[in-house]
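Before any comments, here is the structure.
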Amino acid sequence: MAGPAAPGAYYPPAPAAFYQPPAPAPPSAWSPWDPQVLANTFSTVSLTPSPSASDWVVDSGASSHIASNSGMVTLSPSSSFPSSIVVGNGATLPVMGTGYSTLPGPFHLNNVLVAPNIIKNLLSVRQFTTDNLVSIEFDPLGISVKDLRTRNVLLRCNSSGPLYTLQLPSSSSGSCALVATPSPTTWHRRLGHPGKAALQRLAQTSSIVCSKPDDNSICHACQLGRHVRLPFTSSLSRAIKNFDLIHCDLWTSPVISVSGFKYYLVIIDDCSHFVWTFPLRLKSDTFPVLSNFFAFVLTQFGCVIKAVQCDNGREFDNSASRAFFLAKGVSLRMSCPYTSQQNGKAERMIRTINNTTRTLLFQASMPSSYWADALATATHLINRLPTKTLHMSTPFFALHGTLPSYHDLRTFGCSCYPNLTATTPHKLAPRSTLCALATLRITRVIGALTLPPIRSSSLTTLSSTKQRFPFPSVGPPLHPLNLIF
């Protein structure tokens with residue numbers, strides 16, 4: 001019979017002892033390599049999801065996101081998916097469907113496979129970083145999700161167990177929290193509603209931190225405070241024949257002319273770019289002048305005006321004009337209210353005419369009340385000047401087919417001496433007087449007063465001095481501010 005065993009000696013048990021259940025071990029601190037704990041764990045392994053089924057285990061070896069519960073994703077019936085997946089031990093698990101989900105952040109989970117027999121929800125690092133343009137950094141305490149461009153931390157999750165777990169912020173553990181980063185809308189309001197380019201520039205230089213790169217929402221305050229019209233497209237169309245289309249507009253002068261004119265009507269031929277101007281005393285004179293112009297075109301050029309482009313002013317849009325256009329078979333094209341850009345050709349011609357008229361008045365130091373005389377001169381000259389619209393040809397040539405003559409032109413407002421022998425009261429009266437040339441008529445100037453014009457029928461010969469202007473010579477020079485035009 002053997003004696004007592006020596007202390008520390010080891011005797012192998014009988015073979016049957018390997019098949020007997022081990023005796024319960026005394027309670028001790030948990031160790032991941034405790035054989036008893038491992039045995040108990042393996043004996044209780046099941047394919048039933050754990051209570052923390054909403055958590056995602058970050059897996060760098062998974063090629064796709066895998067969820068155990070179909071309620072966690074929005075299924076996509078039309079999408080194709082594999083029938084099964086292969087896990088680490090070589091076993092296959094059936095796949096019941098595929099879908100997508102969104103985590104707070106927001107972070108998008110695309111192509112999520114639904115496998116009810118999977119124990120843990122797996123988050124594919126590769127797919128997560130690609131879909132959300134982020135990076136995932138691992139450290140001993142947990143993981144950090146960072147913006148790929150700015151390197152700002154968007155999500156921080158601490159993990160206490162052996163796996164890196166992405167727990168939702170609403171979890172009771174509180175180990176995962178979203179980093180509070182203002183949205184682009186918040187920065188847009190803080191910075192005084194700047195443009196999108198300025199906001200993106202600040203985000204790219206990491207001057208500000210945004211929760212997501214883009215925000216296409218419409219700002220209500222910007223619509224009220226910064227609303228602008230969309231740009232109008234440039235029209236390159238041009239009528240094929242003369243008088244197929246004419247453009248009309250009415251301009252109001254801030255100063256009544258010496259002849260009592262307050263307005264002038266401008267008419268432009270779309271093909272030849274020839275322009276006519278008609279001074280008017282009343283707006284109601286627009287339609288009679290326009291109807292007379294139709295007769296003038298028909299008689300002088302043998303053409304019929306086919307279309308009229310104008311704004312929606314009452315001088316053009318009234319019962320008399322509509323009946324006239326209807327009887328003539330003329331197409332009336334009116335611009336939308338408060339949209340002068342749609343009548344742009346007439347508007348630009350008015351600007352050109354006014355610029356020339358104003359310049360002529362300043363040149364001659366004549367009062368702005370002589371704008372009607374300067375208007376006639378400006379119209380006469382514009383029709384004889386080359387324009388880019390006609391490839392540096394002149395409107396006069398485009399309409400008449402002959403080159404204009406420039407030999408009879410005189411400087412507007414220059415001094416001139418008309419021959420008055422036919423109207424002198426007696427033989428000893430002066431045969432001429434100092435006047436200012438106003439193209440279509442001659443105005444007598446005495447001191448600072450302008451007398452009524454001389455009848456053109458009394459003019460037989462005219463002597464002009466091109467470099468002398470009578471208005472500043474016979475009276476005090478007019479200040480430019482007095483030329484209100």
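Every read-out reported here was derived from the displayed coordinates using simple, explicitly stated rules and does not represent laboratory data. Remember, predicted model here, so these are calculated numbers, not experimental data. As a convention, Cβ positions derive from the backbone with ideal geometry for all residues, glycine included, and neighbour counts pool all protein chains shown.
Simple point charges give the picture: +1 on the Cβ of Lys and Arg, -1 on the Cβ of Asp and Glu, and for region 192-278 a dipole about the Cα centre of about 320 debye. In this structure, the residue pairs whose Cα-Cα separation is over 30 Å, taken from Lys120/Lys146; Lys283/Lys345; Lys196/Lys345; Lys241/Lys262; Lys328/Lys388; Lys283/Lys388, are Lys196/Lys345; Lys241/Lys262; Lys328/Lys388; Lys283/Lys388. The distance between label points at Ser405 and Glu137 comes to 8.9 nm (points 7 Å beyond Cα on the Cα→Cβ vector).
Across region 83-138, the mean sequence separation of Cα contacts (distance under 8 Å, 6 or more residues apart), normalised by length, yields a relative contact order of 25 percent. From the alpha carbon centroid of region 302-318 to that of region 72-143 is 69 Å.
Rounded to 0.05, the FRET efficiency of the Lys196 and Arg281 pair, given R0 = 41 Å and the Cβ-Cβ distance, is 0.20. When the trypsin sites (Lys or Arg not before Pro) in region 280-389 are filtered for DSSP coil states and for at most 14 other beta-carbon atoms within 10 Å of their beta-carbon, the remaining sites are Arg281, Arg314. Estimated at 0.36 nm per residue, the fully extended path between His426 and Ser207 surpasses their Cα-Cα distance by 69.6 nm.
Between Ile218 and Val258, the simple spin-label model (points 7 angstrom out along Cα→Cβ) gives 5.7 nm.
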